[in-house]
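The values are calculated or read from the model by the stated rules, or taken from the named source; none is laboratory data. Being a predicted model, the structure only gives us computed values, none of them experimental. Cβ placement follows ideal geometry from the backbone for every residue including glycine, while neighbour counts extend to all protein chains displayed. We work out accessible area using only protein heavy atoms, side chains counted, and drop any ligands, DNA or RNA first. Shrake-Rupley method; radii C 1.70, N 1.55, O 1.52, S 1.80 Å.
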Amino acid sequence: MIPPTLVTNDVEQVRKFAAEHEHLIYKPFRGLPAGEDGHAGAIWAQRVNLDSFDDTLAVTAHLFQAEIPKTGDVRVTVVGRQVFAQQVAALDGALDWRRGDWDELIHAPITVPAAIEAALHRYLSSFGLIFGCFDFALTGDGDDPEHWTAIECNPNGQWGWLPDAPAITEAFADILSRKEAADDDDARRL
């Protein structure tokens, strides 16, 4: 499942979209450029107040999504055929866990339902990719694929902060050393 999403610079389209959904969030397309201090800024996913919109919205495209009433967040990192998944929670229950102290995040391994895992492999395959970091909102305990709402495939997918970073790094090393590619070729011949 994917949340209802609108990309536009037309304030009237946003108002119509908002009328169909109880709560909207705004998501940036990318981070902010580095400032004079050399540090890049960020705009986190956040709830929006429709009353704050005016014609300045027309300056560029914006991404809006219906807010998902979630029970948790999951980061799924796919490297080749290997899948690594962690449920991630901020102590303050923030809408976007990235905005807080990453050292304070709570991580717990979670099993990805087979249907979701297959969809992730199809997604990567359709783009000719062997790597992707996928973010999901859970609306239940996570056992049922219906509880998984796809938020995005992260375009720069870091994994070094995850508890399973060593295993993810090893999976990359295997691919880069062609170990996994050779295993896949052998499996196709069987």
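From the list 5, 60, the one residue that fits, being polar (S, T, N, Q), within 25 Å of residue 117 (Cβ to Cβ) and either touching a Gly at 6+ places or on another chain (Cβ under 9 Å) or loosely packed, with under 15 Cβ neighbours inside 10 Å (or both), is 5. Residues that are more than 13 Å from residue 116 (Cα to Cα) and assigned to a strand (DSSP E or B) within the stretch 67-90 comprise 72, 73, 79, 82, 86, 87, 88, 89, listed in sequence order. When 149, 139 are checked against the criterion of being touching a residue at least 60 places away in the same chain (Cβ under 8 Å), β-branched (Val, Ile, Thr) and open to solvent by less than 40 Å² (accessible area, probe 1.4 Å), 149 stands alone in meeting it. Scanning the stretch 68-112 for residues that are under 21 Å from residue 167 (Cβ atoms) and exposed (fewer than 14 other Cβ atoms within 10 Å of the Cβ) yields a total of 6. The residue list 43, 25, 2 contains one member that is of a type in the set (A, V, I, L, M), modelled with pLDDT under 80 and either within 18 Å of the chain's Cα centre (by Cα) or closer than 30 Å to residue 144 by Cβ (or both), which is 43.
The residues on offer are 185, 144, and the sole one that is surrounded by 11 or more Cβ atoms within 10 Å (Cβ to Cβ) and either farther than 23 Å from residue 5 by Cβ or at pLDDT 90 or above (or both) is 144.
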